[in-house]
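Just below is one structure, and these are the notes that go with it.
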Amino acid sequence: MPNTPHYAVFPLRSLAWLCLFAIFISAHTQANEPSADEIFTELLSFAHMANAAYQTEPAIRQTATAQGYTLTHYGRIPEVEVFYFLATNDKTKTQRIAVRGTANVENVLVNLNMQLVADKHAGVRLHQGFARSAEGIYRAITPHLKSGYRIETTGHSLGGAVALALAMHLDTSPFSVTRIITFGQPKLTNAAGAKAYQHLNITRIVMPKDIVPLVPFLDFTGDWRQLGESADIYWPLGREILLLKGKDYAWLDEWGSLRRATSFLNEQPSEENLRQHQMQNYLHLIKQKRPGARRVPYQNTFNPLEWFKR
């Protein structure tokens with residue numbers, strides 16, 4: 001039998017090795033992916049911190065200790081009445097920043113200040129109210145950050161948006177932001193901003209009837225004639241975990257999040273929207289998922305043809 005030419009053997013052998021390597025990498029990646037219970041254990045730790053941001057300093061200290069952290073710094077930004085705290089875990093060399101959500105009239109005004117403006121730290125356009133709050137925290141907290149420590153940010157509602165803006169500010173500094181987990185967070189930036197910061201490790205936790213994560217829709221202060229060019233449309237950023245009933249949850253990308261928003265076109269606002277937005281309910285439902293959390297595909301039942309027929 002004639003020998004197979006070397007130019008035919010080499011590609012076949014190379015292809016075989018590549019296939020084996022791909023199989024190995026795939027198996028190795030799947031083996032290292034966290035389980036559902038591991039995911040919700042992490043979420044619960046962040047949820048406790050986000051919930052603690054609404055509490056008194058002694059209660060915050062107690063929660064931080066229970067999560068393996070020491071309360072390092074507690075403060076507020078006077079002009080916007082946004083409270084925050086910094087907790088440090090010297091064993092894991094991690095610092096976690098939690099920002100309080102809407103709790104007073106000043107916070108409501110921050111929410112309403114929704115013009116997209118160029119942010120000097122992030123280098124992209126951000127919600128003016130959230131960016132202003134984040135800048136105040138950035139100035140106050142950087143003296144308390146430790147070089148070489150991983151930084152994580154979290155918060156609920158307004159606090160989640162400010163925590164994400166703060167992470168963007170820190171991302172352009174010498175500090176390393178490794179994790180951002182928010183709860184019921186409103187949108188912060190446009191499509192260009194989302195693209196510029198897609199490298200951040202962001203997870204947004206939302207509930208099906210919580211409308212806050214779907215707003216704002218547009219920068220109403222922009223030039224409507226240049227809407228398509230200036231991209232003054234608020235855009236979701238990061239992965240979205242949708243807390244469903246029982247043990248179920250769904251995982252959506254930004255396009256899945258945008259499609260999910262269409263379901264609200266068929267609904268009238270109700271008290272359920274407000275109830276699901278409360279941080280205590282986020283915390284309660286995350287606790288319920290453990291153990292046995294089950295990832296399921298999200299079914300979007302919105303039919304645009306039926307909506308236009310009305």
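The values are calculated or read from the model by the stated rules, or taken from the named source; none is laboratory data. Because the structure is a prediction, the values reported are computed rather than measured. Every residue, glycine among them, receives a Cβ derived from its backbone with ideal geometry; neighbour counts consider all protein chains shown.
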**Asked** Restricting attention to the stretch 170-202, which residues are surrounded by fewer than 19 Cβ atoms within 10 Å (Cβ to Cβ), in a strand (DSSP E or B) and of a type in the set (S, T, N, Q)?
**Response** SER176, THR178
**Prompt:** If you check every pair at least six apart or on different chains, which have Cβ atoms under 9 Å apart with a residue in the stretch 53-82 that is more than 21 Å from LYS146 (Cα to Cα) and in contact (Cβ under 8 Å) with a residue 24 or more places away in the chain first and a residue that is of a type in the set (D, E, K, R) and part of a strand (DSSP E or B) second?
**Reply:** VAL82/ARG76
**Message:** Of all residues being part of a helix (DSSP H, G or I) and in contact with an Asp or Glu (Cβ under 8 Å, 6 or more places away or on another chain) in the stretch 92-131, which is modelled with the highest pLDDT? Just the residue, please.
**Reply:** ALA131
**Item:** In the stretch 119-153, the residues that are under 20 Å from the mean Cα position of the chain (by Cα), under 13 Å from LEU86 (Cα atoms), buried (at least 20 other Cβ atoms within 10 Å of the Cβ) and not hydroxyl-bearing (Ser, Thr, Tyr)
**Value:** ILE137, ILE151, GLU152
**THR182 modelled with pLDDT under 95 and within 25 Å of PHE85 (Cα to Cα)** = no
**Asked** Is there any pair linking a residue in the stretch 25-42 that is under 14 Å from LYS289 (Cβ atoms) to one that is part of a helix (DSSP H, G or I) and modelled with pLDDT of 70 or more, with Cβ under 7 Å and at least six apart or on different chains, and which?
**Response** PHE40/ILE286; PHE40/LYS289
**Prompt:** What are the pairs, 6+ residues apart or on separate chains, where a residue within the stretch 241-255 that is on the phi > 0 side of the Ramachandran plot has its Cβ under 9 Å from a residue that is surrounded by 18 or more Cβ atoms within 10 Å (Cβ to Cβ)?
**Reply:** GLY246/LYS289
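Anything in the stretch 64-82 that is in a strand (DSSP E or B) and over 15 Å from TYR138 (Cβ atoms)? List them, or say none. If you could, list the steps in order and put the result at the bottom.
Within the stretch 64-82, the first condition is being in a strand (DSSP E or B), and the residues that meet it are 70-77, 82.
Residues satisfying the conditions are THR70, LEU71, THR72, TYR74.
Among the helices (runs of 4 or more DSSP H) contained in the stretch 228-310, which hold 1 or more residues that are modelled with pLDDT of 75 or more?
Working: elements: 254-261, 271-277, 279-289, 304-309.
So the answer is 254-261, 271-277, 279-289.
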**Asked** For the stretch 69-91, how many residues meet the condition of being loosely packed, with under 15 Cβ neighbours inside 10 Å and modelled with pLDDT of 95 or more?
**Response** 3
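Could you tell me whether THR221 is at pLDDT 95 or above and outside any helix (DSSP H, G or I)?
Working: at pLDDT 95 or above: no; outside any helix (DSSP H, G or I): yes.
Taking the combined requirement at face value, the residue does not satisfy it.
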**Asked** Out of all the residues in the stretch 133-151, which are over 18 Å from ALA53 (Cβ atoms) and either in contact (Cβ under 8 Å) with a residue 60 or more places away in the chain or part of a helix (DSSP H, G or I) (or both)?
**Response** GLU135, ARG139, THR142, PRO143, TYR149
